[in-house]
Structure formats: structure tokens, C-alpha cells
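Trainee: First the structure, which I've put down as C-alpha cells, then a few questions once you've had a look.
The values are calculated or read from the model by the stated rules, or taken from the named source; none is laboratory data. The model shown is predicted, which means the values in this text are computed figures rather than measured ones. Reconstructed Cβ throughout: ideal geometry from the backbone, glycine too, with neighbour counts over all protein chains shown. Areas reflect the complete protein model, heavy atoms only, side chains present, ligands, DNA and RNA absent. Shrake-Rupley method; radii C 1.70, N 1.55, O 1.52, S 1.80 Å.
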Amino acid sequence: MNTKRPDRKAYLVGGGIASLAAAVYLIRDGGWRGNDIRILEEATFGGSLDAGGSAALGYSMRGSRMYGPAYVLMYELLSRIPSLDDPAKSVTQDTLEFWTEAPWDDHARLVERGRIVDAASFGLSDKNRVDLIGLMMRGEAALGARRIDECFGADFFGTRFWLMWCSMFGFETWHSAAELRRYLLRFLRLFPDLPTLKIIQSTRYNARDSIVRPIMRWLEQQGVQFDSGVQVTDLTFEARADGRKAVRRISARRQGADADIEVAPDDFVIVTLGSITADSSLGSMDASPPPPQRRSGAWALWERLAAQDAAFGRPGAFCGDIERTKWVTFTVTHADDRFVRRMRALSGSAPGRGGLVTLADSSWRLTFHFFHLPAYPDQPPDTHVWWGYGLFADRAGDFVGKTMPECSGREILTELYSHLGWQDDLPTLLEGANCVPCLLPYTTSQFMPRSPGDRPPVVPPGTANLAFVGQYCEIPDNVVYTVEYSIHAAALAVASLLGAPGMVPPAYQGLDHPHALVGAIRRVLE
């Protein structure tokens with residue numbers, strides 16, 4: 001389908017994966033010229049899919065990503081994008097080949113007091129099973145803004161099932177029950193493999209090098225304009241004869257000066273709402289991350305838009321309680337393999353093959369995993385990189401006595417090594433390690449309890465040339481905190497603005513796959 005007009009432009013606000021995907025769809029499915037597409041980004045292109053650093057200074061990434069067979073739109077999009085290493089292969093082909101070469105097979109999913117916990121049994125009582133299956137079968141409208149802890153007894157949150165589920169996906173007891181229901185249904189096929197994580201897929205390198213950079217290279221070849229250092233502050237609308245309103249001006253700032261953009265009547269404006277990595281800060285091996293400060297324009301823009309029109313959602317439902325949404329993640333670079341050898345002896349898994357390890361008795365609920373070598377294209381063969389996070393960052397550590405935001409990288413490693421029972425070898429294990437902690441104020445904000453209207457639809461009612469993308473627009477039945485969600489939003493935005501919303505398939509529905517449902521229920525009942 002080609003609905004391109006010679007004078008039509010597209011302005012994509014935010015340079016994350018949603019905008020990158022929207023640009024691909026405009027070119028591929030809409031027939032647009034790349035030089036008619038302009039992506040406006042305040043900081044770093046790729047958004048939350050970031051990674052950087054070096055072996056000498058320490059690698060870092062704010063988050064780590066996992067993928068699976070239900071990521072239909074992501075794999076379809078990436079099937080047309082050549083990989084960095086071999087242009088004859090698509091990113092999809094390279095990723096699936098890598099998964100075949102180095103699949104996860106977790107033998108130490110839960111560790112307590114330095115010993116592996118047998119996670120084969122979920123540890124669910126009959127009431128837990130009834131509550132879990134009941135939540136999956138319940139309609140989302142009936143759940144409303146209920147919290148997870150309003151749907152289960154207190155004992156459920158001590159089960160091995162919940163320890164594995166919450167530490168894998170990042171759920172807290174105060175998060176949205178409706179979102180948990182969506183996750184349970186989306187990941188039905190995971191239930192039999194929850195202890196081993198065999199079904200989980202990962203990219204050859206980190207997400208930036210395996211996904212973002214290949215897409216950006218392809219878009220640059222098409223002539224797409226990447227405009228960095230631009231903070232969009234507001235949108236100005238005008239009424240049309242049909243009663244709808246259209247964006248006519250993008251208010252922006254660049255290096256302290258106005259950089260407004262006039263929008264023609266037929267132009268498209270696609271805005272990424274909010275950000276899960278906005279206002280993040282990095283620490284070091286010997287310093288904790290600085291406290292969060294409101295610097296990013298992502299949330300401020302959404303707040304200004306929402307003040308103009310109730311159809312644009314309610315950002316306060318997500319960014320209004322940092323104490324409930326913040327995380328600390330950490331990336332560790334090792335100049336030697338001492339810790340790697342110890343973990344291999346404990347878990348029986350080579351680096352990159354073991355999946356997630358959760359320290360079940362950690363007050364922070366620490367979870368970490370090793371990347372397959374190399375996680376970065378320039379990573380030396382004798383350097384190891386791994387990544388982790390704490391689910392309960394505001395609790396005092398069991399050994400260091402501080403909350404995670406108060407800790408340096410050295411203190412985080414001290415806490416983790418001590419939970420593994422290796423206190424006597426702390427000096428040796430810390431030698432040659434470089435742990436970079438990252439404080440993220442809004443990481444689980446998209447999981448916060450919500451009501452209808454808190455998340456606006458991809459195309460807000462009453463608008464003519466505007467669409468919203470990212471993690472905070474509403475896509476029925478799909479699950480946030482996934483690359484698939486952002487790409488789905490981009491596909492819906494472009495197809496709807498082009499007048500063909502039926503082009504986009506619906507989100508994966510677990511209940512439409514009876515074998516997956518039966519397998520999940522059978523596993524819960526064991």
C-alpha cells in the first residue's frame with residue numbers, strides 16, 4: 001500500500017524502539033521516502049535499549065531484554081533488517097540461530113543461603129491454584145485498578161512460583177492485577193519451563209548492538225533524519241472543519257534556544273509517551289548513583305498534553321509515586337574469570353547458558369544473569385560481563401545495611417557475594433571487578449494500577465494527524481515492558497494514520513492456544 005503524497009512529512013517525537021519501528025513501517029508499508037521522516041530525540045537514540053562503556057572503564061546498560069515465540073511483530077519487523085555482522089542475514093535470522101546455538105537451560109533459578117533451591121515444584125497450595133487460575137479466567141474490566149495483593153492471600157507471595165515470576169518480570173505486590181493477568185495469559189507457554197527458562201530467547205549481543213544499531217543503519221540508508229539534542233515541550237493544535245483537531249506546531253528547544261516546527265495539515269506526528277529510563281543516573285564502583293532529578297522532557301511533555309485533553313491519558317497514574325516505581329540495576333565487568341568459574345561450579349552452566357539466578361533470601365530480591373561472550377562486539381575474549389537488579393531497592397541490605405540507591409557498586413557486589421556464602425573471599429572477588437549501578441526512577445511505572453483512560457489509545461479520539469506510541473498507550477490484551485509492545489504500538493500508529501488499521505494483527509492471545517493453556521494449568525496443578 002502506498003498512500004504517500006509528495007509534500008507529506010512525519011515527525012516522530014522520541015528516538016526509542018517505537019519511533020524507529022514507526023519509521024520502518026512508514027517506509028516499508030506506506031511507501032514514504034526516508035528524507036520525509038524526522039526523528040526528534042532529546043538524548044540517546046534507542047531509548048531504553050541502550051548499552052555502552054568499554055572493558056577498561058566498565059560496560060553498562062540500564063536494562064536487559066528477553067524475547068520469546070509470542071514476539072510476532074518484533075520478529076517480522078526485524079526479518080527485513082540486515083544484522084550488523086552479516087548483511088546477508090536478517091536480525092531475526094541471526095537471533096534465532098543464536099538461540100539454537102546457545103539456549104538457556106537454568107539449573108540455579110533460585111538460590112538460598114548459597115545453595116540451589118529445587119524449583120521444579122511451584123509450592124502452590126490449593127487456594128493459591130484456585131486464585132491463580134481464577135485470575136487468568138477473570139475479565140479485565142472486573143479487575144479495574146485492583147492491586148495484585150488484593151487478589152491473593154499473603155502466603156502466595158512466598159511460593160516458588162511467585163519468586164520466579166516476579167523476579168523474572170519485575171512485578172511487585174502493589175502492581176496492577178490486570179497487567180499480571182495479561183502476563184499470565186501471554187506467557188502460558190513459559191509455565192512448563194519457568195524453572196529452566198528454555199523457551200526464552202536472547203539476541204547475540206546486547207539489545208542496542210543487535211536491534212537498535214541495525215535498524216538505525218537501515219533507516220540512515222533510506223535517508224531518515226536523526227535529529228538529536230531536541231527536547232519537545234508541547235504540541236499546538238488547530239480545529240478542522242470535520243470537528244477533529246490536528247497538530248500544527250511542535251514546540252521544541254535545542255541548546256536553550258527555540259526550535260519549533262510548523263506542521264502542515266497532512267503531516268503526521270507520532271509521539272512516544274513517558275519513559276521507563278528517564279532521569280536515570282549512574283554510580284561507580286565506589287560511588288552510589290546521584291538521587292533522581294526531573295530533567296527529561298518525556299514525562300513533562302505528556303503532562304502538558306494531558307492538561308489539554310482528557311483523551312490524552314493521565315500520566316500521574318504512572319509517574320506520580322517514584323518510591324513504588326524505582327529500581328536499581330547494575331552491570332559488572334570482570335577483568336578475570338574468578339567469579340564466573342565459581343558460578344559455573346555452583347550452577348553447572350556456562351556463561352550465557354544459565355538464565356536468571358534469584359537470591360531468594362535477599363532482602364533486595366537480587367536477580368542476575370551472565371551474558372554469552374561477547375555481549376558487546378568490542379568485548380575482549382578474557383573479559384566477562386553480567387547484569388542484575390534488585391526488586392526491593394528500598395529495603396536495607398542483609399549484609400551492607402543500606403538500601404540499594406545508597407550503595408556503590410562495591411557494596412552491591414559485597415551484598416551479592418555474601419548471599420552466596422563467599423564472604424571470606426570478598427577481597428579476591430572484588431579485585432578486578434567493576435560494578436556500575438544505575439538508579440531508574442520509573443522502571444516499573446507501566447505496571448502501576450490503572451483505570452480506563454489512564455493510558456490513551458494509540459490514535460486519540462478527536463484527532464486527525466496524531467498518534468501515541470511506547471509503553472503508556474493502550475493496546476488491548478498486549479503486555480507492557482516488552483519490545484513487542486512498543487513495536488505493536490508503532491504498527492498500529494502507522495497503519496491507522498495511513499487509513500488501514502486492519503493491516504495489524506491482534507496481540508497474541510494465550511486463550512486461543514488450548515495446548516498452551518492446558519500445559520500451563522497442568523503445571524500449576526502439579
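Trainee: Any chance you could count how many residues in segment 327-340 are modelled with pLDDT of 95 or more and charged (D, E, K, R)?
Mentor: Count: 0.
Trainee: Let me ask something additional. What's the total number of residues in segment 402-423 that are open to solvent by less than 10 Å² (accessible area, probe 1.4 Å) and within 23 Å of ARG324 (Cβ to Cβ)?
Mentor: Looking only at that region, the number is 4.
Trainee: If you take just the helices (runs of 4 or more DSSP H) that sit entirely in segment 285-368, which of them hold at least 3 residues that are free of Cβ contacts under 8 Å to residues at least 60 places away in the same chain?
Mentor: 298-308, 338-347
Trainee: For segment 471-526, how many residues are of a type in the set (Ser, Thr, Tyr) and either at pLDDT below 90 or more than 21 Å from GLY46 (Cα to Cα) (or both)?
Mentor: Residues in segment 471-526 being of a type in the set (Ser, Thr, Tyr) and either at pLDDT below 90 or more than 21 Å from GLY46 (Cα to Cα) (or both): 2 in total.
Trainee: Within segment 357-375, which residues are touching an Asp or Glu at 6+ places or on another chain (Cβ under 7 Å) and not hydrophobic (A, V, I, L, M, F, W, C)?
Mentor: ASP361, SER362, SER363
Trainee: Another one. Only residues that are in a helix (DSSP H, G or I), surrounded by fewer than 24 Cβ atoms within 10 Å (Cβ to Cβ) and touching a residue at least 24 places away in the same chain (Cβ under 8 Å): list them for segment 424-445, please.
Mentor: THR428, LEU429
Trainee: Within the bounds of segment 47-68, is there any residue that is aromatic (Phe, Trp, Tyr), in contact (Cβ under 8 Å) with a residue 24 or more places away in the chain and in a loop (DSSP other than H, G, I, E, B)?
Mentor: No, that holds for no residue.
Trainee: Quick check: anything in segment 342-353 within 21 Å of the chain's Cα centre (by Cα), open to solvent by less than 30 Å² (accessible area, probe 1.4 Å) and at pLDDT 95 or above?
Mentor: Taking every residue of segment 342-353 in turn, none turns out to be within 21 Å of the chain's Cα centre (by Cα), open to solvent by less than 30 Å² (accessible area, probe 1.4 Å) and at pLDDT 95 or above.
Table: residues versus (1) surrounded by fewer than 20 Cβ atoms within 10 Å (Cβ to Cβ); (2) in contact (Cβ under 8 Å) with a residue 24 or more places away in the chain; (3) over 30 Å from ILE116 (Cα atoms).
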position: GLU150; (1), (2), (3): yes, yes, yes
position: ALA154; (1), (2), (3): yes, no, no
position: ARG160; (1), (2), (3): no, yes, no
position: HIS175; (1), (2), (3): no, yes, no
position: LEU194; (1), (2), (3): no, yes, no
position: LEU219; (1), (2), (3): no, yes, yes
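Trainee: To continue, here is another question. Inside segment 89-126, can you point out the residues that are more than 22 Å from PHE161 (Cβ to Cβ) and surrounded by 20 or more Cβ atoms within 10 Å (Cβ to Cβ)?
Mentor: VAL91, ASP94, THR95
Trainee: I need the full set of residues from segment 469-526 which are among the acidic types (Asp, Glu) and crowded, with 17+ Cβ neighbours inside 10 Å, in order please.
Mentor: Across segment 469-526, the qualifying residues are GLU474, GLU484.
Trainee: Filter segment 362-376 down to the residues that are within 15 Å of SER347 (Cβ to Cβ) and among the polar types (S, T, N, Q) and list them by number.
Mentor: Passing the criteria: only THR367.
Trainee: Given the conditions (1) open to solvent by 10 Å² or more (accessible area, probe 1.4 Å); (2) more than 25 Å from GLY47 (Cα to Cα); (3) among the polar types (S, T, N, Q), and given that SER362 satisfies all but one, which numbered condition is not satisfied?
Mentor: (1)
Trainee: Residues that are over 27 Å from ALA490 (Cβ atoms) and at pLDDT 95 or above: does segment 437-451 have at least one?
Mentor: Narrowing segment 437-451 to residues over 27 Å from ALA490 (Cβ atoms): 437, 439.
Remaining after also requiring at pLDDT 95 or above: 437, 439.
Scanning segment 437-451 turns up at least one residue that is over 27 Å from ALA490 (Cβ atoms) and at pLDDT 95 or above.
This table checks each residue for (1) in a loop (DSSP other than H, G, I, E, B); (2) among the polar types (S, T, N, Q); (3) touching a Phe, Trp or Tyr at 6+ places or on another chain (Cβ under 6 Å).
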residue: VAL479; (1), (2), (3): yes, no, yes
residue: TYR485; (1), (2), (3): no, no, no
residue: HIS488; (1), (2), (3): no, no, no
residue: TYR508; (1), (2), (3): yes, no, no
residue: LEU511; (1), (2), (3): no, no, no
residue: ALA516; (1), (2), (3): no, no, no
residue: ALA520; (1), (2), (3): no, no, yes
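Residue-wise test of (1) charged (D, E, K, R); (2) modelled with pLDDT of 95 or more; (3) surrounded by fewer than 20 Cβ atoms within 10 Å (Cβ to Cβ); (4) over 16 Å from GLU484 (Cβ atoms).
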| residue | (1), (2), (3), (4) |
| --- | --- |
| ARG33 | yes, yes, yes, yes |
| ILE39 | no, yes, no, yes |
| THR44 | no, no, yes, yes |
| GLY47 | no, no, no, no |
| TYR59 | no, yes, no, yes |
| ARG62 | yes, no, no, yes |
| ARG65 | yes, no, yes, no |
| TYR71 | no, no, no, no |
| TYR75 | no, yes, no, no |
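Trainee: In segment 282-309, how many are at pLDDT below 95 and under 12 Å from CYS407 (Cα atoms)?
Mentor: 1
Residues are listed down the side, and each one gets a yes or a no for (1) open to solvent by 10 Å² or more (accessible area, probe 1.4 Å); (2) of a type in the set (Ser, Thr, Tyr):
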{"position": "ASP227", "(1), (2)": "yes, no"}
{"position": "VAL230", "(1), (2)": "no, no"}
{"position": "THR233", "(1), (2)": "yes, yes"}
{"position": "ARG249", "(1), (2)": "yes, no"}
{"position": "VAL271", "(1), (2)": "no, no"}
{"position": "PRO289", "(1), (2)": "no, no"}
{"position": "SER296", "(1), (2)": "yes, yes"}
{"position": "GLY313", "(1), (2)": "no, no"}
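Trainee: Continuing with the same structure: When only residues in segment 448-459 that are open to solvent by less than 30 Å² (accessible area, probe 1.4 Å) and farther than 15 Å from LEU498 by Cα count, which is nearest to the chain's Cα centre (by Cα)?
Mentor: Checked segment 448-459; the qualifying residue nearest to the chain's Cα centre (by Cα) is MET448.
Trainee: Here's another thing I want to ask about it. If a residue must be within 32 Å of the chain's Cα centre (by Cα) and not hydrophobic (A, V, I, L, M, F, W, C), how many such residues does segment 223-244 contain? Step through it out loud before you land on a result.
Mentor: Quick first cut of segment 223-244, residues within 32 Å of the chain's Cα centre (by Cα) only: 223-237.
Okay, now just the ones that are also not hydrophobic (A, V, I, L, M, F, W, C), so 223, 225, 227-229, 231, 233-234, 236.
The total comes to 9.
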